[in-house]
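First the structure, in the form of structure tokens, and then the observations on it.
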Amino acid sequence: MTGQTRADGSLRHLLTLEGLPRTALERLLDRAQEFVCAPGARPPSSRLLAGVTVANLFTEPSTRTRVSFELAAKRLGADVVNLEVQLSSRAKGESMLDTIFTLEALHVDVFVIRDAEAGVPGLVAANVAPHVSVLSAGEGSVSHPTQGLLDALTIRQRKGRIEGLTVAIVGDIRHSRVARSAYHALTTLGVAQLRIVAPPALLPGDDEFHGCVRHADIDAGLRGADVVMMLRIQRERIQDEAQLDSADYFRAFGLTTARLRRAKPDAIVMHPQPMNRGVEIASDVADGPQSAIRDQVRNGVAVRMAVLATVARGRSGADA
Ligand code: NCD
């Protein structure tokens, strides 16, 4: 048990997708689909979270996740505060929990937390008042649950299903929270085959990613895939990262148009971003007709709206 649910079974926190039942994942994806907004259309807005205060606490860099959590909360009518952790009293030695208790006293109801250290979102979740929710926006290399959901939603939209598909995740899987959350989401949702494709140094240990097919050769790993998910090398989590030469890596593992031909002709290409063009992916693939990368970004707001609406619905006294 992850301790994410309330006594009545409703979702209170979202720290990981591991252990969430298929029905819970599907409900979140269905809810997110209702919030999806076509490019150029006026985004949905509601008062579902009126009177709720959401705080974004990010101690690692973020563009998409932070902005989309903020937009998601605002489009549901919440009040939003973004704490610049480097400029906060954390920089004067205040502990994470003291910062949290201060914000709680200021009536923050939902904490959105990204931290390089494993365990931080769970620690906060274990210490906040019962009406408060914690949503992980990326925990070390452990998990990134809303990314896993938006990846699943993107696949479902583009392919019409997840069940029965062959998905290849390619790149620095060892250090990737995105890969771990994709693994939990896609295996629960019935993917036929999940491949993890990486040079040996970037593959995870055998005690993880059970049931996945491992490939150290990208051409074999891509063969017949329906979905190709590319990952950035997480240099900030690798000690001797200078050993990893970008040009060598691109030659051995970069996704080019020629390589993509090994996958199914209608395969889609995904990337959580930030992308390093010319390292893990060629520009023409990233911007090409098979790319679903912009859809992933769009779906990020919809998924975060669905998660916020779901945790808020279970709050005692909430009318959402
Ligand atoms: C990812 C992350 O932060 O884990 N980015 C994201 O949230 N879309 C991927 C990465 O940093 O490589």
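Tabulated data for the structure shown
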{"item": "Dipole magnitude (debye, nearest 20) for region 145-297, charges at Cβ of Lys, Arg, Asp, Glu", "result": "440 debye"}
{"item": "Fraction of beta bridges assigned by DSSP in the chain that are antiparallel (%, nearest 5)", "result": "5 percent"}
{"item": "Sequence ranges 97-106, 268-277, ranked by mean other-Cβ count within 10 angstrom, highest first", "result": "268-277, 97-106"}
{"item": "The chain, relative contact order in percent, only Cα pairs under 8 angstrom and at least six apart counted", "result": "21 percent"}
{"item": "Packing-based ranking, highest mean first, of 40-50, 238-248, 62-72 given that Cβ atoms within 10 Å are counted", "result": "62-72, 40-50, 238-248"}
{"item": "Mean projected area in nm² (Cα convex hull; one quarter of hull surface) for the chain", "result": "16.2 nm²"}
{"item": "Axial C-alpha extent at least 24 Å, average Kyte-Doolittle at least -1.0 - helices from the chain (DSSP)", "result": "293-313"}
{"item": "Surface accessible to a 1.4 Å probe, per residue, for the residues of the chain, Å²", "result": "43 Å²"}
{"item": "Segment Arg6-Ala129, length gained on full extension (0.36 nm per residue, minus Cα span)", "result": "43.0 nm"}
{"item": "Where labels lie 7 Å past Cα in the beta-carbon direction, separation of Arg47 and Ala116 in nm", "result": "4.4 nm"}
{"item": "Rg/Rg_ref, region 1-84, where Rg_ref = 2.2 N^0.38 Å and atoms are Cα", "result": "1.23"}
{"item": "Dmax and Rg, reported as Rg then Dmax, of region 145-297 (C-alpha, Å)", "result": "13.9, 42"}
{"item": "Percent carbon-and-sulfur accessible area, region 109-172, ignoring ligands, DNA and RNA, probe 1.4 Å", "result": "50 percent"}
{"item": "Net length gained if the chain between Val213 and Asp266 were fully extended (0.36 nm per residue, minus Cα distance)", "result": "16.9 nm"}
{"item": "Cα-Cα separations in region 78-186 greater than 24 Å, expressed as whole percent", "result": "37 percent"}
{"item": "Estimated [θ] at 222 nm from DSSP helical runs (n ≥ 4, -39500 (n - 2.57)) normalised by residues in the chain, nearest 500", "result": "-10500 deg cm²/dmol"}
{"item": "Which of Leu97, Val128, Leu57, positive extreme of dipole for region 1-141 (C-beta unit charges)", "result": "Leu57"}
{"item": "Label point distance in nm, Arg158-Leu244, each placed 7 Å from Cα along Cα→Cβ", "result": "2.2 nm"}
{"item": "Dipole of the chain [Lys/Arg +1, Asp/Glu -1 at C-beta], most positive-end residue of Pro200, Ser181, Ala78", "result": "Ala78"}
{"item": "Of Pro265, Gly221, Ala252, farthest towards positive along the dipole that unit charges on Lys, Arg, Asp, Glu beta carbons give region 145-297", "result": "Pro265"}
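The values are calculated or read from the model by the stated rules, or taken from the named source; none is laboratory data. Small disclaimer: the values here were computed from a predicted structure and weren't measured. FYI the Cβ positions are ideal-geometry reconstructions off the backbone, even for glycines, and counts take in every protein chain you see. With ligands, DNA and RNA removed, areas are computed over all heavy atoms of the protein, side chains included. Shrake-Rupley method; radii C 1.70, N 1.55, O 1.52, S 1.80 Å.
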